[in-house]
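Derivation of every value follows stated rules applied to the coordinates shown; laboratory data play no part. Keep in mind that what you see is a predicted model, and the values were worked out from it rather than measured. We place every Cβ from the backbone using ideal geometry, glycine too, and count neighbours over all the protein chains shown.
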Amino acid sequence: MTSFEAQRIAGLAQSDIRLMSRRCMELGGVNLGQGICDQPTPDPVKAAAIAAITGDESIYSKYEGIDELRRRIAHKMSDYNGVSCDPDSEVLVTAGSTGGFVAAALSFIEPGDEVILFSPFYGYHMNVLRLAQPTLKSVTLRGADFSFDPDELRAAFSDKTKAILVNTPSNPCGKVFTRDELSLIAELCQQHDCLAITDEIYEYILYDGHEHLSLASLPGMRERTITLSGFSKTYNMTGWRLGYAVAPAALTARMGVVADLVYICAPTPLQHGVLAAFDLPAQYYVDMARDYERKRAQTMQACRAVGLEPLVPQGSYYLMVDVRGAGLRDDRHAADVLLQHCGVAAVPGSSFFTDPSDGRHQLRLCFAKQDHDLQRACDGIAQLPQALRDARP
Ligand code: GLN
């Protein structure tokens, strides 16, 4: 059969994240699969978006986003991330942080380039990169603290390295990169004259004293780092599709041209709405982190009770668990049993690893749920031993 498909999409398919959401919807389960974060958006943000729609802020914005939003983002970048930037030339408002990542990948990566990423990774990172057709090199995160072997990282760099991708706090394992780790990455990026692309979307969701550090704030890195973040996770608005990229002016300008071609601009009334998020009190972030800490504890406890052993996340709102102690064969078996018999969707671990067998005993659970849903999910998880007994021939 003739295939009309371009080489750049060879092998791409719907992600397991989305697949599990679809199956969960069909079966009416609780979705701990996709990181949809279905808690309420803060009221002032909703009100500001409604006012913008009522006030007919309905036309395209500049492709880089409305001025006031870029100004507020630049302020936050300096305040929270320790990265100073010019709001007019170094900030690009994007359609979700994914929009920024697509713009970066299409603007700077091409066949023949090498790009380094850590495994486990967020599948969209890997697959967006694949659209740009570089050679991908992966460095494995290992052990309870998800650390990597510095020599493995050094060996991954070459004179073809165009970029390294750093996701901190990370999806799916919740690793928060330390200053030492980021310093080594910074040193290697400068030595090999390559870019760093960071995804910092979970930057406010941190546990156990772990601190968020932006690679761009380290000496020598501002001029070679594209920092991606967004509003989805911090303000519970994953469907608004609002994110941003912060990078040196020359890079931002190129990404802006590409973002314009791909989607023109991020939704204008929502850009106005999200301005209100910058006026939320500092306590908002403290409460959010505390709330996730509680949800993390609740989910880990429910998992441990049935032999799903947590790999304790340092940040983000995902939890990887090892399924072997629960008497489950592998990740697919675990995801099937949990969804069909316990009414809980989770994502099979193998979809997050360069070598899928590294994740074949893991599942990813997202605990960014409203309390009653999380409780239902934990009750479902508690049914696992009985479900396995019933399933036995
Ligand atoms: N970032 C979220 C996750 O990892 C949502 C991703 C998505 O829907 N593609 O689940």
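Observations, loosely collected:
- Net length available on complete extension from Asp279 to Ala387 is 34.1 nm, with 0.36 nm assigned per residue and the Cα-Cα distance removed.
- By the rule of a C-alpha distance below 21 Å, with chain neighbours fewer than 8 residues away ignored, the lysines paired with Lys295 are Lys175, Lys233, Lys369.
- Rounded to the nearest 10 degrees, the angle from helix 43-54 to the longest Cα principal axis of the chain is 60 degrees.
- When the P(r) of the chain is calculated, the portion above 27 Å amounts to 50% of the C-alpha pairs.
- Given R0 = 56 Å, the distance between the Cβ atoms of Ser183 and Glu5 translates into a calculated FRET efficiency of 0.85.
- Amide H partners (placed H, <5 Å) of Val139, local residues excluded: Leu117, Phe118, Ser119
- Whole-number D in µm² s⁻¹ for the range 256-393, Kirkwood Cα-pair radius fed into Stokes-Einstein, 10 °C, 1.306 mPa s: 93 µm²/s
- Aspartates and glutamates with Cα under 14 Å of Lys46, excluding same-chain neighbours fewer than 8 positions away: Asp279
- Förster-model FRET efficiency, 35 Å R0, Ala13 and Arg324, C-beta, rounded to 0.05: 0.80
- In this simple spin-label approximation, Ala289 and Asp145 carry label points 7 Å from Cα along the Cα→Cβ vector, and these lie 1.9 nm apart.
- Among Ala49, Ala105, Ala368, residue whose mean-square fluctuation peaks in a GNM of the chain (springs only between Cα atoms under 10 Å): Ala49
- Fluctuation leader among Ile226, Ile66, Ile50 - the chain, Gaussian network, Cα springs under 10 angstrom: Ile50
- Simple label model, 7 Å out from Cα along Cβ direction - Gln301 to Asp88, nm: 5.5 nm
- Rounded, prolate or oblate (a/c below 1.5 giving rounded, otherwise prolate when a/b exceeds b/c) for the range 31-102 by Cα gyration tensor: oblate
- In the range 316-379, inverting the average of 1/r over every pair of distinct C-alpha atoms gives 12.0 Å as the Kirkwood radius.
- Seen through its C-alpha gyration tensor, with square-root eigenvalues sorted a ≥ b ≥ c, the range 118-198 comes out oblate because a/c lies at 1.5 or above while a/b is not bigger than b/c.
- Applying 1/(1 + (r/R0)^6) with R0 = 22 Å to the Cβ-Cβ distance of Glu152 and Glu223 gives a FRET efficiency near 0.25.
- In degrees, nearest ten, helix 249-263 long axis to first principal axis of the chain (Cα): 60 degrees
- A dipole drawn for the chain from +1 and -1 charges on Cβ atoms has a positive end, and of Cys378, Val93, Ala282 the residue lying farthest that way is Cys378.
- Against the main long axis of the alpha-carbon atoms of the chain, helix 96-108 sits at an angle near 60°.
- Value of relative contact order over the chain, rounded to a whole percent, pairs C-alpha under 8 Å and six or more apart: 24 percent
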